[in-house]
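*Asks:* My structure is below; once you've seen it, I'll send some questions.
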Amino acid sequence: MLLEISNLSVAVGDKEVLHGINLTIDQGETHVLFGKNGSGKTSLLMALMGFSNYRITGGQIRFKDQDITRMPINERARLGIGMSFQRPPTLRGVKTKDLIRTFGGRQEDREKEISGLNMATFMDRDINLGFSGGEIKKSELLQLILQDPELILLDEPESGVDLENIKIIGRSIKKLLQKHLRRQRTKSGLIITHTGLILNYLEADMGHLLLDGHIRCEGNPREMFETIQTAGYEECARCQR
Amino acid sequence: MSEIIKEAEAARNKQGQHGADVDLDSFRRDAPAHGTDPDLTCLSDSEMEHLAGVGIVAAPQERAGSFILKDHSPVHCSMGQDGVELLSIKTALAKYGDLAEYWWKAVHPGTDKYTAQAALALDDGYFIRVRAGVKAALPVQACLFIGAEGLSQNIHNVVIAEAGSELHIITGCTTAPDLHRGLHVGVSEFYVQKGATVTSTMLHNWGDEIVVRPRTSVIVEEGATFMSNYVCLKSARSVQMDPLVRLVGPDAVTRLNTILVAAPGADFDVGGRVSLEAAGTRAEIISRTITTGGNIISRGLLTGHVPGAKAHLECSGLILADGGYIRAIPELDGRVAGVEMSHEAAVGRISQEEIEYLMARGLTENEASALIVRGFLNVKMEGLPRELADEIERIVEAFGKSVF
């Protein structure tokens with residue numbers, strides 16, 4: 001098992017926002033997280049990445065057979081977890097190219113990925129300063145591609161993106177998750193989506209519905225999304241009660 | 001001349017408006033004499049290396065002119081472009097009938113004891129004049145160097161950019177690597193005439209116990225531009241300065257950038273004042289300060305005298321260690337309806353969210369902090385020659401690495 005979350009509880013400030021979450025992702029699998037605003041989806045991703053505002057109050061996270069529950073963020077990143085943020089901070093004065101440079105690899109490979117996402121003109125701009133919604137998503141995705149993690153956490157990769165750019169983003173995510181490989185796929189993903197648009201670009205293996213900090217339903221992601229669309233989140237949760 | 005002396009005599013004991021009082025008599029006045037040095041051989045290799053750290057290069061072909069003052073002696077003065085005149089100030093005073101139009105016309109000798117000392121006991125300084133319409137292709141460099149222990153150095157500089165000219169001055173102020181104590185008093189008067197552009201970049205590398213009291217005034221005429229970049233990322237005991245830029249002609253523009261770091265024991269009281277006195281004038285004051293244990297007062301004052309004058313002031317401070325303070329004092333003084341002036345000030349620590357964002361990309365906490373600090377100090381400085389911009393970037397990067 002690549003990722004194994006057992007009985008995980010997470011608090012933000014004094015408030016517990018996730019209660020006893022169990023979730024496993026195997027190598028090569030893509031999972032989707034559904035849920036209303038405020039249901040705990042972003043908190044789960046932030047806790048998996050190790051952000052200090054998301055305090056783990058119980059349970060365990062195992063990744064590649066290691067207990068990473070208390071591991072610093074950068075060590076999780078080095079071990080193979082990468083995340084695309086929904087609202088990343090603005091880093092004034094820090095150029096996008098300064099961060100890109102830290103990923104290593106060959107210069108020509110970096111340039112190929114940069115031009116693939118039409119990001120060449122962003123290299124001299126401060127990270128996320130004045131970026132539109134779509135530009136933030138592309139910048140996040142570019143960083144992830146160069147970081148090359150094994151477990152890819154995507155927080156609403158399609159929100160605020162126009163229809164032309166959603167194609168570029170959808171195809172990049174598909175490639176990042178090695179959807180072109182039938183066997184020997186090593187990349188796995190956990191994706192938060194509200195619109196479900198991203199499901200048009202990649203086959204997901206499993207869906208999870210978060211409601212009020214609990215996982216309330218698990219199953220075929222397309223079927224779940226259709227239920228949510230036609231009958232709402234509560235109806236989707238009802239099927240397993 | 002006698003009026004100047006009279007005014008200075010009256011201010012002999014007048015304390016400065018800001019900054020700790022300095023006992024001028026505790027510094028020696030007997031400087032060792034240094035002969036002229038056309039080939040720059042009087043400075044040792046380690047001293048030249050020190051100079052390179054403040055933007056001063058030994059290669060004359062890279063500069064439109066070079067001036068080096070060691071202690072009280074102008075040891076080197078060379079010019080490389082027609083229409084760009086560079087002299088020691090004493091030579092200029094002798095040659096141009098006391099420079100009556102410019103000498104002590106922007107700065108008053110009676111401002112405080114430091115201007116008084118510069119008027120009463122002038123050691124030397126530089127005179128730069130760019131003739132009308134001449135665009136200096138390369139920067140002029142001036143180095144003010146203290147090599148003798150415990151010395152006070154009284155400087156007076158005059159810079160004249162005639163109508164339509166362009167000039168970039170690099171002033172590197174530094175002391176001998178092993179020097180402990182010294183005082184640098186520097187009066188600078190800039191006259192930026194109609195349509196001219198002057199960029200003045202000052203890099204500093206002082207010793208730990210050096211006291212610095214610059215007194216600068218700039219007069220900017222119609223359609224002219226004055227840009228100042230003040231960089232001090234190494235220590236000093238006490239620096240107090242508050243240059244005044246007067247935008248006296250319509251559409252005159254100025255931008256003052258300051259980046260500085262106060263190490264433990266350092267006391268900085270630095271700022272900038274801009275007086276917007278004509279229609280269409282614009283000003284921006286940007287300061288980025290960091291304390292690693294020293295004290296910083298970061299001032300800024302914009303005075304708007306005419307409708308339509310536009311100005312912005314930004315003081316940002318980062319506290320990286322306890323033991324010191326950063327006090328940001330932005331002031332806006334609007335005198336008429338129709339001025340547009342604004343300010344923002346922020347003092348704090350590095351945002352945890354930003355550090356963790358970079359850590360999620362695999363950087364260690366220290367690498368992330370260093371990258372953020374580098375970005376914080378990365379103020380856009382326009383018009384810098386490539387190698388000087390690289391040098392500043394190198395200094396900023398070295399600082400980022402040194403604190404984390």
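The values are calculated or read from the model by the stated rules, or taken from the named source; none is laboratory data. Keep in mind that this is a model prediction, so the values were computed, not measured. So basically every Cβ, Gly included, is an ideal-geometry build from the backbone, and we count neighbours across all protein chains shown.
*Asks:* Given the residues A:168, A:191, A:173, which is the only one that is among the β-branched types (Val, Ile, Thr) and free of Cβ contacts under 8 Å to residues at least 40 places away in the same chain?
*Replies:* After applying the criteria, what remains is A:173.
*Asks:* Does residue A:38 meet the test of being within 27 Å of residue A:207 (Cα to Cα) and surrounded by fewer than 20 Cβ atoms within 10 Å (Cβ to Cβ)?
*Replies:* yes
*Asks:* Is it the case that region A:226-236 has a residue that's touching a Ser or Thr at 6+ places or on another chain (Cβ under 9 Å), on the phi < 0 side of the Ramachandran plot and surrounded by fewer than 22 Cβ atoms within 10 Å (Cβ to Cβ)?
*Replies:* Checking region A:226-236: at least one residue is touching a Ser or Thr at 6+ places or on another chain (Cβ under 9 Å), on the phi < 0 side of the Ramachandran plot and surrounded by fewer than 22 Cβ atoms within 10 Å (Cβ to Cβ).
*Asks:* From the list B:323, B:383, B:338, which one is under 21 Å from residue B:204 (Cβ atoms) and more than 13 Å from chain A (Cβ to nearest Cβ)?
*Replies:* B:383
*Asks:* Hey, another quick one. From the set of residues in region B:89-116 that are at positive phi and part of a helix (DSSP H, G or I), which is surrounded by the most Cβ atoms within 10 Å (Cβ to Cβ)?
*Replies:* The selected residue is B:99.
*Asks:* Which one is farthest from the chain's Cα centre (by Cα), of the residues in region B:250-291 that are of a type in the set (A, V, I, L, M, F, W, C) and part of a loop (DSSP other than H, G, I, E, B)?
*Replies:* Across region B:250-291, the extreme among qualifying residues is B:279.
*Asks:* Report yes if some residue within region B:343-365 is buried (at least 20 other Cβ atoms within 10 Å of the Cβ), away from every other protein chain (no Cβ under 13 Å) and β-branched (Val, Ile, Thr); otherwise report no.
*Replies:* The answer is no, given that none of the residues of region B:343-365 is buried (at least 20 other Cβ atoms within 10 Å of the Cβ), away from every other protein chain (no Cβ under 13 Å) and β-branched (Val, Ile, Thr).
*Asks:* Hey, could you check region A:47-78 for residues that are more than 10 Å from chain B (Cβ to nearest Cβ) and not in a strand (DSSP E or B) and say which is nearest to the chain's Cα centre (by Cα)?
*Replies:* The selected residue is A:48.
*Asks:* What's the total number of residues in region B:158-171 that are farther than 21 Å from residue B:62 by Cβ and either touching a helix residue (DSSP H, G or I) at 6+ places or on another chain (Cβ under 6 Å) or in a strand (DSSP E or B) (or both)?
*Replies:* 2
*Asks:* Of everything in region A:94-137 that's among the β-branched types (Val, Ile, Thr) and touching a residue at least 12 places away in the same chain (Cβ under 8 Å), which residue is nearest to the other protein chains (Cβ to nearest Cβ)?
*Replies:* A:94
*Asks:* Pairs under 8 Å by beta carbon, first residue closer than 18 Å to residue A:63 by Cβ in region A:74-90, partner among the aromatic types (Phe, Trp, Tyr) and not in a helix (DSSP H, G or I), six or more apart or different chains?
*Replies:* So the pair list comes out as A:76/A:63; A:79/A:63; A:80/A:63; A:81/A:63.
*Asks:* Next question, about the same structure. Mind telling me which of the residues A:115, A:139 ends up being more than 15 Å from residue A:201 (Cβ to Cβ) and either at pLDDT 95 or above or surrounded by 14 or more Cβ atoms within 10 Å (Cβ to Cβ) (or both)?
*Replies:* A:139
*Asks:* Looking at A:141, A:153, which one is assigned to a helix (DSSP H, G or I), within 14 Å of chain B (Cβ to nearest Cβ) and touching a helix residue (DSSP H, G or I) at 6+ places or on another chain (Cβ under 7 Å)?
*Replies:* Criteria check complete, one pass: A:141.
*Asks:* Determine if region A:10-19 includes at least one residue that is within 14 Å of chain B (Cβ to nearest Cβ) and β-branched (Val, Ile, Thr).
*Replies:* For region A:10-19, residues within 14 Å of chain B (Cβ to nearest Cβ) and β-branched (Val, Ile, Thr): present.
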